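The values are calculated or read from the model by the stated rules, or taken from the named source; none is laboratory data. The model shown is predicted, which means the values in this text are computed figures rather than measured ones. Cβ: placed from backbone, ideal geometry, glycine included. Neighbour counts: every protein chain shown. For the accessible areas, the whole protein counts, side chains as well, though only heavy atoms, and no ligand, DNA or RNA atoms are used. Shrake-Rupley method; radii C 1.70, N 1.55, O 1.52, S 1.80 Å.
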Amino acid sequence: MNDPNPMVQIETTLGEIVLELDRDKAPVSVDNFIAYANSGHYDGTIFHRVMQGFMVQGGGFTAEMQEKPTGEPIVNEATNKQKNKTGTVAMARTSDINSATAQFFINTDDNKFLNHTGQTPEDFGYAVFGQVVDGMDVVYTIEQQATATVAGHDDVPVEPIVIETVVVLD
């Protein structure tokens, strides 16, 4: 549990993605993500928000668009100076700065507007806690899927992209 750069394998219906997490820069986010992975929370969730040229988001909804229960929100570590660059993974949140729980996203472009630039909710940013080290081709395949509005949610893949399991390798 103290490995500064734990590796995590995300098995999806479209292939495998391997992340290297950065506990040194984002210890709260890394430990939170690992706890959800080890509890099986991510198993059977989907990438429910997919936007070309932006990001793919998952970890919170089932294929039936039912939101899974989560634990308490964590502190936003966006002040860690890590940038939302292509291939990085960050915590998703609402307009409340410290609202991240289980949902995460993988940037498919350099999204400078998501970086920490100030203290307001609009400027605080999104905490990067790792990066894709293998399987970026899978991320790009996810990003290219046709989407629709489903159950009041925009940008939902027409064919569910299921996260079958998330395994901590270290």
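Matching residues to (1) over 12 Å from the mean Cα position of the chain (by Cα); (2) touching a residue at least 40 places away in the same chain (Cβ under 8 Å):
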{"residue": "P4", "(1), (2)": "yes, no"}
{"residue": "G15", "(1), (2)": "yes, yes"}
{"residue": "V18", "(1), (2)": "yes, yes"}
{"residue": "V30", "(1), (2)": "no, yes"}
{"residue": "N38", "(1), (2)": "yes, yes"}
{"residue": "R49", "(1), (2)": "no, yes"}
{"residue": "Q57", "(1), (2)": "no, yes"}
{"residue": "Q66", "(1), (2)": "yes, no"}
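Conditions tested, residue by residue: (1) closer than 15 Å to N32 by Cα; (2) open to solvent by 20 Å² or more (accessible area, probe 1.4 Å); (3) in contact with a helix residue (DSSP H, G or I) (Cβ under 8 Å, 6 or more places away or on another chain).
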| residue | (1), (2), (3) |
| --- | --- |
| N98 | yes, yes, no |
| F105 | yes, no, no |
| N111 | no, no, no |
| G118 | no, no, yes |
| M136 | no, yes, no |
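So A78 fits all but one of (1) in contact (Cβ under 8 Å) with a residue 40 or more places away in the chain; (2) loosely packed, with under 15 Cβ neighbours inside 10 Å; (3) of a type in the set (G, A, S); what number is the exception?
Every condition holds for A78 apart from (2).
Looking only at the stretch 107-122, decide whether some residue is part of a strand (DSSP E or B) and in contact (Cβ under 8 Å) with a residue 60 or more places away in the chain. Before the answer, list the steps.
As a first pass, look at the stretch 107-122 and keep what is part of a strand (DSSP E or B): 107.
With in contact (Cβ under 8 Å) with a residue 60 or more places away in the chain added as a condition, the list becomes none.
For the stretch 107-122, residues part of a strand (DSSP E or B) and in contact (Cβ under 8 Å) with a residue 60 or more places away in the chain: absent.
Take V89 and tell me if it is touching a helix residue (DSSP H, G or I) at 6+ places or on another chain (Cβ under 7 Å) and either farther than 16 Å from E164 by Cβ or open to solvent by less than 10 Å² (accessible area, probe 1.4 Å) (or both). Walk me through how you get there before you give the answer.
Working: touching a helix residue (DSSP H, G or I) at 6+ places or on another chain (Cβ under 7 Å): no; either farther than 16 Å from E164 by Cβ or open to solvent by less than 10 Å² (accessible area, probe 1.4 Å) (or both): yes.
Answer is no for this residue.
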